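Okay, structure first, notes after.
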Amino acid sequence: MIFALMQQNPIVGALEHNAQLLREGRTQAQAKGATCLVVSELFLTGYPPEDLILKASFIARCRTLVEELVRETSDGGPAIIFGAPWVENGQLYNSVIVAEGGQFSVRHKVHLPNYAVFDEMRLFTSGPMPEPVEINGLSIGLPICEDIWFSDVCAHLKSRGAEILISPNGSPYEHGKHMRRLEHVRHRAQETQLPFVYVNQYGGQDELVFDGRSFVVNKEGAIMLEMAAWETAFETITFPLAPDSQRFAQDRSVEEDRLSDMYHAAMVGLRDYVEKNKFPGVLLGLSGGVDSAICAAIAADALGASRVHCVMLPSVYTSQSSLDDAIACASQLGVRLDTVSIKDMVRAGEDTLAPIFGDRAPDVTEENIQSRIRGTLLMAISNKLGSMVVTTGNKSEVSVGYSTLYGDMNGGYNPIKDIYKTDVFALCDWRNAHLPVGSRLDKLDIIPKVIIEKPPNAELRDDQKDEDSLPPYDILDGILQALVEGECSFEEIVSQGFDPELVKRIEHLLYVSEYKRRQSAPGPKVGHKNFGRDRRYPITNGFRDARLKG
């Protein structure tokens, strides 16, 4: 029996589009002589559909399309296994549909994830232990995504006569996730002594990015088929598995490369956010600094240089070297660069407010005026020309509020929102030496070395450097990794060698900046805990762990 495995990029809510992807995949499967086409979890709706699932008209349209797709299998072509929501006895389930010969069976997800970015328990009912389904005389068990992270569903399917396990998945990327997937699948295969097919979604959906990496293992857990990461893919595999039938994605590896994956997640997340929301292109402020440079590179890779518009917005504090560096970066990327001075607008704003400010000394207020004027101008250009503003604050800055609300935080999407500053530097070096999968730029050495090597500087006052307000980024990021990713206590962080007073200060900045993050642009999850779906701290928060030590 030949299975066709389709790793695709459905659009959440675009039901007819996703159904057409299924039809095209079935045609391709038939051309390859496949018996059955398999796609990912909730493929018809795209994953995750969130509260669209609660809309009765949405569910009704899903059912109509399921029935149409089932009828189409009466033509004698391949069966299809695809995910869709299903209502049964008044209960809504996350289900998989098996359509063959104009007939269909439905199996429901048992384990509903309700942690981190997942909250399926508020949307779906947990299904009963599923029975296998039969296609062409083969008994198939269909554990859905989370079901494979526990042993009970696969064990039950084995006990009921399943000869193979096939799992549709909507598993979003975070670093280290794929190796954990592979470990669980291998355990299930070895426990049941059954071959295992794992089909995952690919593409960006708001703050989640799906890396694909579908694969097949034999009953011993050895990889027999590996599909590519960070792109759509279509493969066939024949059962029973022949011992010499191993196939691996060309020039790809199932092993994870942290910087490569991080860059691809940012690129795919931005590309799909722009294209699925039908923006013509993107616009960003190019300052001559490392954050805007990496964001411009990601945008050019994702969309092509012709769809990236950069604007330099110099003030009286902007150095000539920053102007030169921005020009060099735009030139190497091949993107449009305009320069719009904000000097007169800043002076006018300060003069207008002088009667209220009186003789008070300049402080962060004047710095924020500059940032907000830049944000206003970028949004105005966006309104006039239609391109979406990309905001460029890294996770280190977002964590401690080293950003200006309604200023440099303005924008529709932030590709580096979940990437710490130390990783931003590393990503610049990585991108200069590597061409990402699916890049529309097709060139190396796109970020000038001088941008990567110079000390970070917001240039909002004379002789300013980031380290005037923040500790060195390697120290800051170490503390933030412990606070955000590890949820470590004050004592645990200090025991790692960090200064107690500095830990207190960073913890305070992290907590008091929550209100800013609630108003920030979305960005792709790449780490263990992104701000938003993963980490839901209260804005009004009187707890300070560091206070325990004085």
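Given the structure, is LEU112 touching a helix residue (DSSP H, G or I) at 6+ places or on another chain (Cβ under 6 Å) and over 22 Å from PHE3 (Cα atoms)?
On the way: touching a helix residue (DSSP H, G or I) at 6+ places or on another chain (Cβ under 6 Å): yes; over 22 Å from PHE3 (Cα atoms): yes.
Taking the combined requirement at face value, the residue satisfies it.
Okay, residues lined up against (1) among the small types (Gly, Ala, Ser); (2) within 22 Å of the chain's Cα centre (by Cα); (3) assigned by TED's automatic domain parsing to the domain that holds HIS108:
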| site | (1), (2), (3) |
| --- | --- |
| ARG160 | no, no, yes |
| SER167 | yes, yes, yes |
| ARG180 | no, yes, yes |
| HIS187 | no, no, yes |
| VAL197 | no, no, yes |
| ASN200 | no, yes, yes |
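Scanning the stretch 1-20 for residues that are surrounded by fewer than 21 Cβ atoms within 10 Å (Cβ to Cβ) and in contact with a Pro (Cβ under 8 Å, 6 or more places away or on another chain) turns up VAL12, GLY13, HIS17.
Any residue at all in the stretch 147-154 that is in the same structural domain as LEU69 (by TED's automatic domain parsing), outside any helix (DSSP H, G or I) and within 26 Å of TRP230 (Cα to Cα)? No, that holds for no residue.
Of the residues examined, ILE223 is not one that is over 21 Å from HIS528 (Cα atoms) and modelled with pLDDT of 95 or more. The C-beta contact set for the stretch 48-65 (first residue in contact (Cβ under 8 Å) with a residue 12 or more places away in the chain and within 16 Å of GLN91 (Cα to Cα), second residue of a type in the set (Phe, Trp, Tyr) and surrounded by 15 or more Cβ atoms within 10 Å (Cβ to Cβ), distance under 6 angstrom, 6+ apart or interchain) comprises LEU52/PHE58.
Checking each residue in the stretch 152-175 for being modelled with pLDDT of 95 or more and in contact with a His (Cβ under 8 Å, 6 or more places away or on another chain) picks out only VAL153. Considering the stretch 73-102, and only residues there that are of a type in the set (Asp, Glu) and under 22 Å from THR27 (Cα atoms), the residue that is nearest to the chain's Cα centre (by Cα) turns out to be GLU100. When you scan the stretch 414-436, do you find a residue that is at positive phi and assigned by TED's automatic domain parsing to the domain that holds SER371, even just one? Taking every residue of the stretch 414-436 in turn, none turns out to be at positive phi and assigned by TED's automatic domain parsing to the domain that holds SER371.
In the stretch 276-284 there is at least one residue matching the filter, namely being in a strand (DSSP E or B), more than 19 Å from the chain's Cα centre (by Cα) and within 30 Å of LYS454 (Cα to Cα). Scan the stretch 121-146 for residues that are of a type in the set (Gly, Ala, Ser), surrounded by 21 or more Cβ atoms within 10 Å (Cβ to Cβ) and out of contact with any helix residue (DSSP H, G or I) (no Cβ under 7 Å at 6 or more places or on another chain) and the total you get is 1. Note on the stretch 12-50: residues that are within 26 Å of LEU112 (Cβ to Cβ), assigned to a loop (DSSP other than H, G, I, E, B) and touching a Leu at 6+ places or on another chain (Cβ under 9 Å) amount to 10. Taking the criterion of being in contact (Cβ under 8 Å) with a residue 60 or more places away in the chain and closer than 24 Å to TYR273 by Cα, the residues of the stretch 308-328 that qualify are HIS309, VAL311. Any residue at all in the stretch 381-399 that is in contact with a helix residue (DSSP H, G or I) (Cβ under 9 Å, 6 or more places away or on another chain) and over 30 Å from LYS278 (Cβ atoms)? Within the stretch 381-399, one or more residues are in contact with a helix residue (DSSP H, G or I) (Cβ under 9 Å, 6 or more places away or on another chain) and over 30 Å from LYS278 (Cβ atoms). The set of residues in the stretch 519-540 being touching a residue at least 12 places away in the same chain (Cβ under 8 Å) and loosely packed, with under 12 Cβ neighbours inside 10 Å consists of GLN519, PRO538.
Give the residues of the stretch 3-26 that are touching a residue at least 24 places away in the same chain (Cβ under 8 Å) and over 17 Å from MET227 (Cα atoms), sorted by residue number. Those that are touching a residue at least 24 places away in the same chain (Cβ under 8 Å) and over 17 Å from MET227 (Cα atoms): PRO10, ILE11, VAL12, GLY13, ALA14, LEU15, GLU16, ASN18, ALA19, LEU22, ARG23, ARG26.
Considering only residues that are outside any loop (DSSP other than H, G, I, E, B) and not aromatic (Phe, Trp, Tyr), which ones fall in the stretch 226-240? Break it down into steps so the answer makes sense when it comes.
Start the filter on the stretch 226-240 by keeping residues that are outside any loop (DSSP other than H, G, I, E, B), which leaves 226, 229, 233-238.
Matches in the stretch 226-240: GLU226, ALA229, ALA233, GLU235, THR236, ILE237, THR238.
Taken over the stretch 121-162, the residue count meeting the criterion of being of a type outside the set (Phe, Trp, Tyr), within 23 Å of THR45 (Cα to Cα) and touching a residue at least 40 places away in the same chain (Cβ under 8 Å) is 7. Does LEU476 qualify as being closer than 20 Å to SER292 by Cβ and buried (at least 19 other Cβ atoms within 10 Å of the Cβ)? So LEU476 passes the test.
Hey, does the stretch 103-118 have a residue that's over 29 Å from the mean Cα position of the chain (by Cα) and either exposed (fewer than 15 other Cβ atoms within 10 Å of the Cβ) or without any contact (Cβ under 8 Å) to a residue 24 or more places away in the chain (or both)? Yes, the stretch 103-118 contains a residue that is over 29 Å from the mean Cα position of the chain (by Cα) and either exposed (fewer than 15 other Cβ atoms within 10 Å of the Cβ) or without any contact (Cβ under 8 Å) to a residue 24 or more places away in the chain (or both). Just to be sure before I move on: is ALA265 closer than 21 Å to ALA328 by Cβ, at pLDDT 95 or above and either in the same structural domain as VAL335 (by TED's automatic domain parsing) or assigned to a helix (DSSP H, G or I) (or both) in the structure I sent? It is false that ALA265 is closer than 21 Å to ALA328 by Cβ, at pLDDT 95 or above and either in the same structural domain as VAL335 (by TED's automatic domain parsing) or assigned to a helix (DSSP H, G or I) (or both).
Going by the structure shown, is GLU41 charged (D, E, K, R), crowded, with 19+ Cβ neighbours inside 10 Å and touching a Gly at 6+ places or on another chain (Cβ under 9 Å)? Working first, answer last.
Details: charged (D, E, K, R): yes; crowded, with 19+ Cβ neighbours inside 10 Å: yes; touching a Gly at 6+ places or on another chain (Cβ under 9 Å): yes.
Yes: the conditions hold for GLU41.
Residue pairs whose Cβ atoms lie under 6 Å apart, sitting 6 or more positions apart in sequence or on different chains, and linking a residue in the stretch 204-217 that is free of Cβ contacts under 8 Å to residues at least 24 places away in the same chain to a partner that is part of a strand (DSSP E or B), do not occur here.
Looking at GLY101, GLY83, GLY76, which is the one that is at pLDDT below 95 and either under 30 Å from LEU241 (Cβ atoms) or touching a Pro at 6+ places or on another chain (Cβ under 8 Å) (or both)? Checking each option against the conditions leaves just GLY76.
The values are calculated or read from the model by the stated rules, or taken from the named source; none is laboratory data. Just so it is clear, the model here is predicted, and its values are computed rather than measured. Please note: Cβ atoms are built from the backbone with ideal geometry, for glycine as well, and neighbour counts cover all protein chains shown.
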